[in-house]
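**Student:** Structure provided below as structure tokens; questions to follow.
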Amino acid sequence: MFESFRKFLPEVSEGSKHPTHFEHNDYRLAAAALLVHTAEIDGNMSDLERDRVHAVVKRQFGLDEATTDELVAEATEAEHEAVDLYHFTSLINRSLDADGRRRIVEMMWEIIYADGRVTDFESNLMWRVADLLGISSRERIELGQRVASRRGTDPK
């Protein structure tokens, strides 16, 4: 399940990469990786999406700039090495209660609405992640509408 992290750890101990600050079982790393995946789902991460990922991670986890940069960098690497979403959602399910899991879905909506629109890829990703996190369709849609309303975006 954590194969990509196991591969990463020896590289760190050999000095080929900077040491990680976040443990492989830190739900914040899994959540940030889902946000990176969300921003990159359409093929590339725009500067607007990159800035939104940074801002959401910093605000939601109460981190300073340097720690936020570190978490986003580690999450980006973890996301690129991951083979599926279950890798991240299972850790989140073990670490957070229903309110915490809803907060993760809401964070993902914030990334999706960074550019003011929802693509088919983003919509499908939200459906899959919400399902894996045990968030109902009704709640997923309501969370998306709440974020769209805050941002002044049409939730279509």
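The values are calculated or read from the model by the stated rules, or taken from the named source; none is laboratory data. As the structure is a prediction and not an experimental result, all values here were calculated from the model. Cβ: placed from backbone, ideal geometry, glycine included. Neighbour counts: every protein chain shown. Heavy atoms of the whole protein, side chains included, go into the accessibility calculation; ligands, DNA and RNA do not. Shrake-Rupley method; radii C 1.70, N 1.55, O 1.52, S 1.80 Å.
**Student:** Can you spot a residue in segment 68-75 that is open to solvent by 40 Å² or more (accessible area, probe 1.4 Å) and modelled with pLDDT under 95?
**Tutor:** no
**Student:** Within the set of pairs 6+ apart or on separate chains, which have a first residue in segment 15-27 that is farther than 23 Å from Met107 by Cα, a second that is open to solvent by less than 70 Å² (accessible area, probe 1.4 Å) and at pLDDT 80 or above, and C-beta atoms under 7 Å apart?
**Tutor:** Here the result reads Thr20/Glu74, each pair linking segment 15-27 to a residue that is open to solvent by less than 70 Å² (accessible area, probe 1.4 Å) and at pLDDT 80 or above.
**Student:** On to the next question. Can we say Ser123 is assigned to a helix (DSSP H, G or I), touching a Pro at 6+ places or on another chain (Cβ under 9 Å) and open to solvent by 30 Å² or more (accessible area, probe 1.4 Å)?
**Tutor:** No: the conditions fail for Ser123.
**Student:** Still on this structure, please answer the following. What is the residue count in segment 111-138 for residues that are charged (D, E, K, R) and more than 18 Å from Leu85 (Cβ to Cβ)?
**Tutor:** 3
**Student:** Next question. Quick one: would you say Ser90 is among the hydroxyl-bearing types (Ser, Thr, Tyr), part of a helix (DSSP H, G or I) and touching a residue at least 12 places away in the same chain (Cβ under 8 Å)?
**Tutor:** yes
**Student:** From the list Arg128, Arg151, which residue is at pLDDT below 95 and at negative phi?
**Tutor:** Arg151
**Student:** Still on this structure, I have one more. Given the conditions (1) crowded, with 20+ Cβ neighbours inside 10 Å; (2) modelled with pLDDT of 95 or more; (3) touching a helix residue (DSSP H, G or I) at 6+ places or on another chain (Cβ under 6 Å), which single one is not true for Phe61?
**Tutor:** (1)
**Student:** Being part of a helix (DSSP H, G or I), open to solvent by less than 70 Å² (accessible area, probe 1.4 Å) and at pLDDT below 95: is that true of His80 here?
**Tutor:** no
**Student:** Being open to solvent by 10 Å² or more (accessible area, probe 1.4 Å), closer than 19 Å to Glu49 by Cα and in a helix (DSSP H, G or I) is true for just one of Arg138, Arg128, Arg117, Arg150. Which residue is that?
**Tutor:** Arg150
**Student:** For residues that are charged (D, E, K, R) and touching a residue at least 24 places away in the same chain (Cβ under 8 Å), scanning just segment 95-107, find the one that is most open to solvent (accessible area, probe 1.4 Å).
**Tutor:** My answer is Arg103.
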